[in-house]
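*Asks:* This structure is in structure tokens; I'll ask about it shortly.
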Amino acid sequence: MWGQILLLIAVVVFSAFAVLAKDLIKSAISLAVASLFLGLLFFQMRAPYAGVFEISVVAGLITVLFMLVIALTKTGGDVRESKLATLGFPLFFVVFAVIDLIVMKGLLAKLPALAGPAESGTFGDVLWKQRTFDLVGQLGVILAGVFAVLALFRKRDNKDE
Amino acid sequence: MNSAWFVFIGFAAALLFVGLYALLTMRNVIKLLIGVEVIGKSVTLVLLATGFVKNNILLAQSLVITVIVVEVSLIATALALVINIARHTKSLDVRKLAKLKG
């Protein structure tokens with residue numbers, strides 16, 4: 001359990017650094033490191049498929065996308081963040097953590113426990129047989145993303161000008 | 001639910017706070033997207049932790065994979081929008097988008 005808590009602390013620390021860092025490149029790399037630790041945590045929780053996806057897609061692909069956009073825009077460094085927002089973060093975080101510790105357990109105890117049968121079979125059985133319809137939805141989401149990117153980078157026709 | 005679940009949910013809540021803080025206080029559009037990413041991490045952590053504690057890890061994994069796919073699609077589209085915003089306004093400052101107000 002302590003190993004998992006250390007990984008969770010690393011995820012929160014690197015995520016906070018990703019949000020607060022002035023340099024966007026450092027932010028993107030910090031986000032990738034946070035995803036890496038989250039992926040390692042997934043492996044520890046006996047979820048290797050989720051871990052592989054987290055490390056390869058979130059830590060890999062999304063970081064590449066962020067880097068690409070930071071390189072293409074270059075104006076990102078011109079935006080000055082509010083100093084109050086950066087300096088006030090630790091204070092707000094401590095206040096949130098205290099409220100969380102006091103309130104959360106009571107709130108979660110009120111949630112009704114969902115009863116579910118114990119799982120059997122393999123990951124493939126669950127993914128391809130139980131959740132077939134979701135996979136169609138996933139394909140739809142990917143296609144929607146592809147078409148959205150295509151639409152956003154559409155070349156203007158000469159007739160329109 | 002055992003105490004391990006409360007620990008996981010506590011850290012997921014901390015991640016959610018970090019993401020929301022970024023969305024509420026940051027001015028750079030890319031930082032806002034990083035905030036959205038952090039909130040996505042919080043969601044995947046909650047899903048997997050609940051599956052782990054309730055011995056439903058296979059179903060939780062397939063849900064996490066769904067969330068990751070949606071997240072990638074969202075970020076790709078949003079980053080394409082960011083590039084267009086940077087071309088039009090020559091800045092990534094979210095306050096300059098207020099010009100779009102009718």
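Readers should treat all values here as calculations from the given coordinates under stated rules, not as data from a laboratory. Quick caveat, the model's predicted, so the values are computed rather than measured. Cβ placement follows ideal geometry from the backbone for every residue including glycine, while neighbour counts extend to all protein chains displayed.
*Asks:* At 222 nm, what value in deg cm²/dmol follows for the protein assembly as shown if DSSP H runs of at least 4 each add -39500 (n - 2.57) and the sum is divided by all its residues, to the nearest 500? Kindly include the intermediate steps, with their values, before the conclusion.
*Replies:* Numbers: 9 runs with 187 residues, N = 263.
So the helix-based figure for the protein assembly as shown works out to -24500 deg cm²/dmol.
*Asks:* Can you check what the Kirkwood hydrodynamic radius comes to for segment B:1-44, Cα pairs only, in Å to one decimal?
*Replies:* Working: mean 1/r = 0.0930 Å⁻¹.
After inverting the mean inverse Cα-Cα distance, the result is 10.7 Å.
*Asks:* Among A:Thr73, B:Thr89, rank each residue by its count of other Cβ atoms within 10 Å, from fewest to most, as a rough exposure measure. Show your work: numbers first, answer last.
*Replies:* Values: A:Thr73 22, B:Thr89 16.
So the residues, fewest neighbours to most, are B:Thr89, A:Thr73.
*Asks:* Under a Cβ-Cβ cut-off of 14 Å, what is the net charge of the residues other than A:Val58 that fall near it, where Lys and Arg count +1 and Asp and Glu count -1?
*Replies:* On the way: positive: B:Lys41; negative: A:Glu54, B:Glu37, B:Glu71.
The answer is -2.
*Asks:* Report, in listed order, any pair from A:Lys155/B:Lys96; A:Lys105/B:Lys96; A:Lys129/B:Lys31 with a Cα-Cα distance greater than 30 Å. Each step should come with its number before you reach the end.
*Replies:* Working: A:Lys155/B:Lys96 25 Å; A:Lys105/B:Lys96 42 Å; A:Lys129/B:Lys31 39 Å.
Distance filter (> 30 Å) returns A:Lys105/B:Lys96; A:Lys129/B:Lys31.
*Asks:* While we're on this one: Which whole DSSP H helices in chain A pass both tests: a Cα extent of 18 Å or more along the axis and a mean Kyte-Doolittle value no lower than -0.5? Please list the in-between numbers first.
*Replies:* Working: long enough: A:2-20 (27 Å, 2.44); A:24-44 (30 Å, 1.89); A:83-110 (39 Å, 1.74); A:132-152 (31 Å, 2.02).
TM-like helix candidates: A:2-20, A:24-44, A:83-110, A:132-152.
*Asks:* At A:Ile25 and B:Ala4, where each label point lies 7 Å from the Cα along Cα→Cβ, what is the point-to-point distance in nanometres?
*Replies:* 4.1
*Asks:* For B:Ser91, A:Ser27, which order do you get if you count the other beta carbons within 10 Å of each Cβ and list the fewest first? Show your work: numbers first, answer last.
*Replies:* On the way: B:Ser91 19, A:Ser27 23.
If I rank by nearby Cβ atoms, fewest first, I get B:Ser91, A:Ser27.
*Asks:* So for the pair A:Val13, A:Lys83, with labels modelled 7 Å out along Cα→Cβ, what separation do we get in nm?
*Replies:* Roughly 2.7 nm, to one decimal.
*Asks:* Follow-up question, since we're still on this one. With a bin width of 5 angstrom, please list the P(r) values of chain B as percents of all Cα-Cα pairs, from the 0 bin to the one holding the largest distance.
*Replies:* Whole-percent P(r) values from 0 Å outward: 2, 13, 17, 18, 16, 11, 9, 6, 4, 2, 0.
*Asks:* Let me ask something additional. To make sure I understand, if each residue's beta carbon is the centre and we count other beta carbons within 10 Å, what order do B:Leu33, B:Leu63, A:Leu135 fall in, fewest to most? Kindly include the intermediate steps, with their values, before the conclusion.
*Replies:* Values: B:Leu33 24, B:Leu63 21, A:Leu135 15.
Ranked by crowding around the Cβ, least crowded first: A:Leu135, B:Leu63, B:Leu33.
*Asks:* Let me ask something else. Counting Lys and Arg as +1 and Asp and Glu as -1, what is the net charge of the other residues whose Cβ lies under 15 Å from the Cβ of B:Gly19? Please list the in-between numbers first.
*Replies:* Details: positive: B:Lys31, B:Lys41; negative: A:Asp100, B:Glu37, B:Glu71.
Taking every Cβ under 15 Å from that of B:Gly19, the sum is -1.
*Asks:* Output needed: percent of Cα pairs per 5 Å distance bin for segment A:1-85, bins running from 0 to the one holding the longest distance.
*Replies:* 3, 16, 20, 21, 16, 11, 7, 4, 1
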